[in-house]
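For reference, the structure is listed below as structure tokens.
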Amino acid sequence: MSIYVKDESGNERLAHLAKEDWELPSQIVELEKWLTENESVISPGAYTADIGFSMRKNACGGGAILSVEAMRIMSKLGIKLYLSEYPDD
């Protein structure tokens, strides 16, 4: 899957990140990088960031951490985070 960032008002896609990446830890890294790079060019509004992921094989704890800085940017811009889990086939 990947990460889609969309404007809720018109469902316009702002970004498509981590294409073909199903692992949540690396997707979080990509989302945080994108947020940092785009914080100053996006007007506050109503947005969604949807991360589609599958559980890692042999996962037994640990994993992704969304930083306080990323949460601050998301809050400032009005971005809701969706975590969409998909089965690993």
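Of the residues screened, Val41 is not one that is out of contact with any strand residue (DSSP E or B) (no Cβ under 6 Å at 6 or more places or on another chain), in a helix (DSSP H, G or I) and either open to solvent by 40 Å² or more (accessible area, probe 1.4 Å) or hydrophobic (A, V, I, L, M, F, W, C) (or both).
Entry remark, segment 3-38: residues being farther than 22 Å from Val68 by Cα and open to solvent by less than 50 Å² (accessible area, probe 1.4 Å) number 2 in total.
Would you confirm whether any residue within segment 46-61 is in contact with a helix residue (DSSP H, G or I) (Cβ under 8 Å, 6 or more places away or on another chain), of a type in the set (D, E, K, R), open to solvent by 40 Å² or more (accessible area, probe 1.4 Å) and part of a loop (DSSP other than H, G, I, E, B)? Write out each step before concluding.
Of segment 46-61, the ones in contact with a helix residue (DSSP H, G or I) (Cβ under 8 Å, 6 or more places away or on another chain) are 47, 49, 51, 53, 56.
Checking the rest, the ones that are also of a type in the set (D, E, K, R) come to 56.
After this cut, where a residue has to be open to solvent by 40 Å² or more (accessible area, probe 1.4 Å) as well, the list is 56.
With the extra rule that they be part of a loop (DSSP other than H, G, I, E, B), the set shrinks to 56.
The answer is yes, given that some residue of segment 46-61 is in contact with a helix residue (DSSP H, G or I) (Cβ under 8 Å, 6 or more places away or on another chain), of a type in the set (D, E, K, R), open to solvent by 40 Å² or more (accessible area, probe 1.4 Å) and part of a loop (DSSP other than H, G, I, E, B).
All conditions but one from (1) modelled with pLDDT of 95 or more; (2) within 18 Å of Ser2 (Cα to Cα); (3) assigned to a helix (DSSP H, G or I) apply to Gln27; the one that does not is (1).
The values are calculated or read from the model by the stated rules, or taken from the named source; none is laboratory data. This is a predicted model, so every value here is computed, not measured. Every residue, glycine as well, gets a Cβ built from its backbone with ideal geometry; the counts of neighbours run over all protein chains shown. Ligands, DNA and RNA are stripped out before the accessible areas are found, and what is left, the full protein with its side chains, is counted by its heavy atoms. Shrake-Rupley method; radii C 1.70, N 1.55, O 1.52, S 1.80 Å.
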